[in-house]
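Everything on this sheet refers to the single structure shown next.
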Amino acid sequence: MSLSASFVDELRSVVGPASVVTEPEQLRVYECDGLTGHRAIPEIVVLPRSTEEVQAVLRACHRERVPFVARGAGTGLSGGATPTAGGVVVSLARMDRILEVDLEGQRVVVEPGVANLDVTRAVAADGFFYAPDPSSQQVCTIGGNVAENSGGAHCLKHGFTVHHVTGLTLVLPDGDVVELGGAALDPDGPDLLGLVVGSEGTLGIATRITLRIVRSPEVVRTLLAGFETTDAAGAAVSGIVAAGILPSALEMMDRLTIEAAERAVAPGYPAGAGAVLLVELDGVAAQVEEDAAEVERICLAAGAFELRLASDEAARALLWKGRKSAFAAMGRVATDYYVQDGVVPRTRLPEVLRRIEELSTSHGLRVGNVFHAGDGNLHPLVLYDAEAGETDRARELAEAILEACLDAGGSLTGEHGVGMDKACSMPRMFSERDLATFARVREAFDPLGICNPGKVLPTPRLCGEVPGPYRAHALERIGVAERL
């Protein structure tokens, strides 16, 4: 449904004509995020450059009851940035400045369009880094990380985004601006900051973000272990954790994922491995060396047939290149893939992986597994061919994998979020009362329901219905038809 010319002109006056996108071929760039199975063409895209411009855009949307969706780099994998048809996309790509670097206070203040890795680049020479590191960290933005509470390979030791955000400037859906948190780690009052981080863009738009940076460790040791089976690698994971060792990262890849990574970036993983375990330790040199020796012993006891310790930074980067490229590498072994994101207790990893293999066989589709083994965060990659009509079967398999995670005492998502992809699965994990409470919190921030509608919570009737508040059809507005 077309927006009024006066509304579009108002947005142009706020952000400038060059920062308003209306051409159909340009709007298609924004029709989906990294989960391409969900698509919708927005009516208009605006690219503000300041908090004030975001505020003015949201005030106009609120007044006209126009739904809007905030967007960063579009690397999300849950459909969380999928536009609302007939609505506005607020792209924060041009708000990409690092505003302040406070090394003494170990804080960095950024705009939401700053790429994750650029935060570390800004402070690395001074001996600091920003810990949350999604695989897409070269391109994903801090605003999107805040929306999804992103993690990454090193979240096992260092924590998720929520543990590294101390303050936000938040523009509410009605255009009001509030300050949450600040420079302190534990501000007074209710934890509204913790509520907003991970709310998937449903409570407002963050325009200024204060991040905690941490000192670079004295040493880093990266170990790769090759196993014949995922069961053996899983036993090593349990053994490492049971020994009281806390790696900064503990990652696993199965045979299919290893094959794809080798084709794509040739990291040189052990030939014939059914699984590889990537273990990274950091900290004080003496402790790291002691832990590394114990990790080697545990891996050998669990059946590792090859151990490899990265000898220098180049070797370490190559080991990580295979892991970081795993998702994209799947294009080497399949025309399409559907990535899931479930969590299971560490002790039940082997059981759930076996169940995924059973589901793969029964559905007739291959599944590659790459995951954060240390905290049980699975990323099964369902491989399929859309042109061969396998899309529905792939979605059914992905949902069955989520069911297996829940049956094992896990959860629907570890870091990719719920978005549109898992909204219909929320009742499988939460009671009606839980969902009603979530909805009341959301309504407190957004009474009109215009802020990223249709995401996270299932719609009142059918999950397939068009999200957002009702907007009159053009025939209604001119009196030719009326709504029944």
Restricting region 128-155 to residues that are part of a loop (DSSP other than H, G, I, E, B) and of a type in the set (Gly, Ala, Ser), which is surrounded by the most Cβ atoms within 10 Å (Cβ to Cβ)?
SER150
Might you check whether a residue that is of a type in the set (Lys, Arg), over 23 Å from the mean Cα position of the chain (by Cα) and within 16 Å of ALA235 (Cα to Cα) occurs anywhere in region 301-319?
no
Tell me yes or no: at least one residue of region 315-335 is over 27 Å from ALA131 (Cα atoms) and of a type in the set (Val, Ile, Thr).
yes
Determine whether ILE209 is farther than 21 Å from ARG107 by Cβ and of a type in the set (A, V, I, L, M, F, W, C).
no
Condition set in a strand (DSSP E or B) and over 25 Å from the mean Cα position of the chain (by Cα), scope region 200-233, selection farthest from GLU313 (Cα to Cα): answer is PHE227
Of all residues in region 234-249, which are surrounded by fewer than 24 Cβ atoms within 10 Å (Cβ to Cβ) and assigned to a loop (DSSP other than H, G, I, E, B)?
ALA243, GLY244, ILE245, LEU246, SER248
Residues within region 399-437 that are in a helix (DSSP H, G or I), more than 20 Å from the chain's Cα centre (by Cα) and either under 22 Å from PRO190 (Cβ atoms) or of a type in the set (Ser, Thr, Tyr) (or both), tallied
5
Got a sec? Which of ALA275, ALA292 is under 22 Å from LEU381 (Cβ atoms), of a type outside the set (Phe, Trp, Tyr) and in contact with a Lys or Arg (Cβ under 9 Å, 6 or more places away or on another chain)?
ALA275
Quick check on THR120: is it surrounded by fewer than 21 Cβ atoms within 10 Å (Cβ to Cβ), at pLDDT 95 or above and not hydrophobic (A, V, I, L, M, F, W, C)?
yes
Return the total of residues in region 408-446 being free of Cβ contacts under 8 Å to residues at least 24 places away in the same chain and either farther than 30 Å from ALA153 by Cβ or of a type outside the set (A, V, I, L, M, F, W, C) (or both).
11
Test GLY374 against the stated conditions and say whether it is in contact with a helix residue (DSSP H, G or I) (Cβ under 6 Å, 6 or more places away or on another chain), crowded, with 22+ Cβ neighbours inside 10 Å and either of a type in the set (A, V, I, L, M, F, W, C) or modelled with pLDDT under 95 (or both).
yes
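Where residues in region 282-314 are among the small types (Gly, Ala, Ser), in contact (Cβ under 8 Å) with a residue 60 or more places away in the chain and within 26 Å of VAL265 (Cα to Cα), which of them is surrounded by the most Cβ atoms within 10 Å (Cβ to Cβ)? Break it down stepwise before answering.
Taking region 282-314 and keeping what is among the small types (Gly, Ala, Ser), we get 283, 285-286, 292-293, 301-304, 310-311, 314.
If we keep only those that are in contact (Cβ under 8 Å) with a residue 60 or more places away in the chain as well, we get 283, 285, 292, 301-304, 310.
Right, trim to within 26 Å of VAL265 (Cα to Cα) and you get 304, 310.
Values: ALA304: 24, ALA310: 19.
Of everything passing the filter in region 282-314, ALA304 is surrounded by the most Cβ atoms within 10 Å (Cβ to Cβ).
Here's the yes/no breakdown for (1) touching a residue at least 60 places away in the same chain (Cβ under 8 Å); (2) under 16 Å from PRO112 (Cβ atoms); (3) not in a strand (DSSP E or B):
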position: LYS157; (1), (2), (3): yes, no, yes
position: LEU170; (1), (2), (3): no, yes, no
position: GLY175; (1), (2), (3): yes, no, yes
position: ASP186; (1), (2), (3): no, no, yes
position: PRO190; (1), (2), (3): no, no, yes
position: GLY198; (1), (2), (3): yes, yes, yes
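The values are calculated or read from the model by the stated rules, or taken from the named source; none is laboratory data. This one's a predicted model, so the numbers in the text were calculated from it and none came from an experiment. Every residue, glycine as well, gets a Cβ built from its backbone with ideal geometry; the counts of neighbours run over all protein chains shown.
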